[in-house]
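We did not get these values from a lab; they are worked out from the coordinates using the rules stated. Remember, predicted model here, so these are calculated numbers, not experimental data. Note: ideal-geometry Cβ built from the backbone for every residue, glycine included; neighbour counts use all protein chains shown.
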Amino acid sequence: MTQWWLEGATVALREYRAEDLDAVLRYAADPEVTRYLPWGPEGAEEVRDFLGQVASAALRTPRDQYEVAVVRKDSGEMIGGGRLGILSAANRRGDIGYVLRRDQWGLGLGSEVARLLVDFGFSSLGLHRIEATCDPKNGASRRVLEKVGMTFEGMRRHDFFVREAWRDSLLFSILEGEWRG
């Protein structure tokens, strides 16, 4: 499998590896980290399955999912994950997501990861529009999306059924011309 690296000032993004299991568990098993996500908390079996699915998706041609590990450049420690998905190749539309270990919150790393993913989507994949959603109660994620230049488009009502309840999602997007401008 080809290594896929993007580098920012503090973090780098790379393909997940089978040996990332414990590092992924450190954030995926944390109920505070997964509180606003449509998955988790996860155990070792779920993370093992996830890593297998990610490895398979990375081999698909054309590739439509880029699930990547977030690594601190100063320590080499894996601290989270990022994702860029191709929603429609014909319409050049994608979406991003990110998750970080709780001890890495508030350091500007979420914004750095989101910027790297958006830049990759526009510069390398030729996307025209990139979207992201967040839970209306997740103010930190909303601020990340705003910091990377995304525009709030509205709320999707009852978008996910999570933990026995319907959840709304806030929808954000950025267009290629806005990113380049």
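Structure above, values below:
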| item | result |
| --- | --- |
| Condition met for E131 (part of a helix (DSSP H, G or I) and either within 23 Å of S88 (Cα to Cα) or in contact with a helix residue (DSSP H, G or I) (Cβ under 8 Å, 6 or more places away or on another chain) (or both)) | no |
| Contacts under 9 angstrom Cβ, first residue in segment 153-168 being outside any strand (DSSP E or B), partner of a type in the set (V, I, T) and exposed (fewer than 10 other Cβ atoms within 10 Å of the Cβ), 6 or more apart | none |
| Out of L171, L116, L109, L100, sole residue that is within 18 Å of R14 (Cβ to Cβ) and touching a Ser or Thr at 6+ places or on another chain (Cβ under 8 Å) | L109 |
| Within segment 43-112, strands (runs of 3 or more DSSP E) holding 2 or more residues that are in contact with an Asp or Glu (Cβ under 6 Å, 6 or more places away or on another chain) and surrounded by 17 or more Cβ atoms within 10 Å (Cβ to Cβ) | 78-88 |
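Each row is one residue, and each column tells you yes or no for (1) among the charged types (D, E, K, R); (2) in contact (Cβ under 8 Å) with a residue 40 or more places away in the chain.
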site: D49; (1), (2): yes, no
site: G52; (1), (2): no, no
site: A69; (1), (2): no, yes
site: G76; (1), (2): no, no
site: G81; (1), (2): no, yes
site: G94; (1), (2): no, no
site: Q104; (1), (2): no, no
site: L109; (1), (2): no, yes
